[in-house]
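The values are calculated or read from the model by the stated rules, or taken from the named source; none is laboratory data. None of the values given here were measured: they were computed from a predicted structure. No Cβ is skipped: glycine too gets one built from the backbone with ideal geometry, and neighbour counts run over all protein chains shown. Protein only, heavy atoms only, side chains kept; ligands, DNA and RNA dropped before computing areas. Shrake-Rupley method; radii C 1.70, N 1.55, O 1.52, S 1.80 Å.
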Amino acid sequence: MKKECNETGKMKDYQFNAVIRQNGYMDASYIIFPYNIREEFGKGRVKVHATFDGAPYDGSIVNMGIKDDDGNICYIIGITKAIRRRIGKSFGDTVAVTIRERE
């Protein structure tokens with residue numbers, strides 16, 4: 001299993017901006033993790049510490065059958081309604097994301 005570490009030997013942080021997407025017609029949302037988790041972590045489901053505009057969340061990056069416009073499988077992490085309320089954002093808004101694998 002591959003563990004991505006930074007130059008100090010600590011687990012790698014992934015930082016990116018992402019659009020909050022609505023899950024179907026539900027009041028549920030997610031963002032797409034813009035890296036191939038199998039290449040980055042060596043597995044298909046990854047438990048992570050995340051922040052969305054600084055709001056902390058522990059969850060998992062998973063494959064839920066969502067594909068991009070080119071038909072490629074996307075790996076996603078959900079954003080709870082409570083976090084959306086806390087950061088004042090909703091579907092279609094851009095959020096600053098940090099991800100670090102949980103030990």
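Please report the carbon-and-sulfur percent of the accessible area for the chain; probe 1.4 Å, protein heavy atoms only, DNA, RNA and ligands left out.
45
Would you mind finding the longest exposed-site-free stretch of the chain, with exposed trypsin sites (Lys or Arg not before Pro) meaning DSSP loop and at most 16 other Cβ atoms within 10 Å?
46-101
Subtract the Cα-Cα distance of THR94 and GLN15 from 0.36 nm times their separation in residues, and report this length gain in nm to one decimal.
27.1 nm is the gain from fully extending THR94 to GLN15.
How big is the dipole moment of the chain about its Cα centre under a simple scheme where the beta carbon of each Lys and Arg is +1, that of each Asp and Glu is -1, and everything else is neutral? Debye, nearest 20, please.
Dipole about the Cα centre, nearest 20: 380 debye.
Grab the other residues whose beta carbon is less than 13 angstrom from that of GLY59, score K and R as +1, D and E as -1, and report the net.
Cβ neighbours under 13 Å give a net charge of +2.
From the backbone phi of the range 76-92, what are the Karplus-calculated ³J(HN,Hα) couplings (6.51 cos²θ - 1.76 cosθ + 1.60, θ = phi - 60°) in whole Hz, Gly and Pro given as x?
Coupling constants for the range 76-92: 10, 9, x, 10, 5, 4, 4, 5, 4, 5, 4, 8, x, 10, 9, 3, x Hz.
Per residue of the range 28-38, in order, report the coupling 6.51 cos²θ - 1.76 cosθ + 1.60 (Karplus, θ = phi - 60°) as ³J(HN,Hα) in whole Hz, putting x for Gly and Pro.
Coupling constants for the range 28-38: 9, 9, 7, 10, 8, 6, x, 10, 7, 5, 5 Hz.
Rounded to the nearest whole Å², what accessible area per residue is found for the range 36-101 with the 1.4 Å probe?
Heavy-atom SASA per residue in the range 36-101 reads 55 Å².
Run the quick spin-label model on ALA82 and SER60: label points 7 Å from Cα toward the beta carbon, then report their separation in nm to one decimal.
If labels sit at ALA82 and SER60, their model points lie 2.0 nm apart.
How many lysine pairs in the chain, separated by 8 or more positions in sequence or lying on different chains, have Cα atoms less than 17 Å apart?
Close lysine pairs found across the chain: 11.
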